[in-house]
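The values are calculated or read from the model by the stated rules, or taken from the named source; none is laboratory data. Note that the structure is predicted; figures quoted are calculated from it, not measured. Neighbour counts run over all protein chains shown; Cβ positions are idealised from the backbone, glycine included. To get the accessible areas, we keep the full protein, side chains included, count just its heavy atoms, and leave off ligands, DNA and RNA. Shrake-Rupley method; radii C 1.70, N 1.55, O 1.52, S 1.80 Å.
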Amino acid sequence: MVLSHLAAAMRRQELTQEDLEGSDPTACTSQAVRMCEDLALDALHTAVLTKKGIAILANADPTAVGKLFNAVGLGDPESITCQELCHAADAASQQMLGAKLGIPGKGCLDRDCTESIDVSDEVLSQIEDQVDDEHQVESEEPASPDSAPDPREDEVDIGHATEAPDRVLRRALAIIFEIFPAADISIVETEEVSSFMEQASLLEHDRPAAFGRRFQGAEQRRLQQAVEVAIAQAAAAARHVKKRKFAFLHVVRRWLGSNTPEVAKQASKMFAKVVSCFNNVLIVKGKDDWCFANGGTALAFVRLNPLTGGTQKSMGMLGGRHVIHVCQSLFAVSQLSWLTNYKLGRVLVHEATHHFGTRDYAYGAQSCLRLAIFSPQKAQWNADTYSFLSQELMKT
């Protein structure tokens, strides 16, 4: 296993040097194109892409993919190659995303991608397991109703025909090409939320980064890095499940209690939604009375209606963005060996799934594995299960 990782890393380095010769590197390296072709062959049994095929790979609606084609200047072709799609996305990235594309496996931390974090499959696959049962990431007690929640459509348009082309593009780049432009992330203090709401229409149109004045620079950077890790981990998990290879499906069964096509599709769809969540997220510094509720100490959490009230289906949306709260304890423990920026990405994956219907039936790896054995339905809607599943898929 170690030798295979080293060989893959050496191959990545060779490709990067070969593909990036010249003064203007492109994201569309041979590695990116090959990743797309390999995924298409495994999931679609063809390396030629159609709107329907891209919709399957990126968990998008074919109509929304058609809008993306027009937005990147491809028109309405019957089929395209992976290379054609990548080059069209690269050419349109500045206009559509306001960001430059980096090379595959690098999570960009700024819009020109002058700074990045390594989120390649090789790096993520070597993250050591967290000592999970000793560190509860939320303050509330795990939920234990009589039955798992019914699958439901969320109010956001992820995967729908109405989804905006830029959001489809970000998800396609992450899942299909392992390309991660700087995430569309806003970070604000709780007291700044009202100001944020006043600017919501502007933010929805221009989508600038809006960092809170009282967040320290190191805190902002830590959150940016963790978000890039979460996007990459969720994208890789979605990609691996779509390949439907025995080893990956075995892992799905281990954590979700089943690996039927329906369950595998649910898992892939959940991970794709996490990718989109973090490409459209509002991070709010949590209030102390929320962070220390019920005698616990939370690192991060999602509230059903965190700021404005409303129905349960609103699930923490504000100004068109998914809201995730982080606590000061997150920064206080930042030097602990078990909570690296990479492992924090797993914590954020857990939180993001709450936006799409998961609950807290169990915390920690062993409890989640038992849940898969004795209550598969609950396992399939358990937040911590998806965070551990995404991590193990990387190691398979």
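Miscellaneous remarks
- Of 243/343; 343/395; 269/395; 243/269; 265/343; 67/245, those spanning more than 22 Å from alpha-carbon to alpha-carbon: 243/343; 265/343; 67/245
- Mean accessible surface per residue for segment 243-304, computed with a 1.4 Å probe while every protein chain stays in place, in Å²: 42
- Backbone N within segment 66-95 under 13 Å of label point (7 Å from residue 50 Cα along the Cβ vector): 77-80
- Between residue 99 and 94, the built amide H atoms are under 5 Å apart, and every one of these is 5 or more places off in sequence or on another chain.
- Burial order of peptide ranges 239-245, 55-61, 159-165, 346-352 (average beta-carbon count within 10 Å, highest first): 346-352, 55-61, 239-245, 159-165
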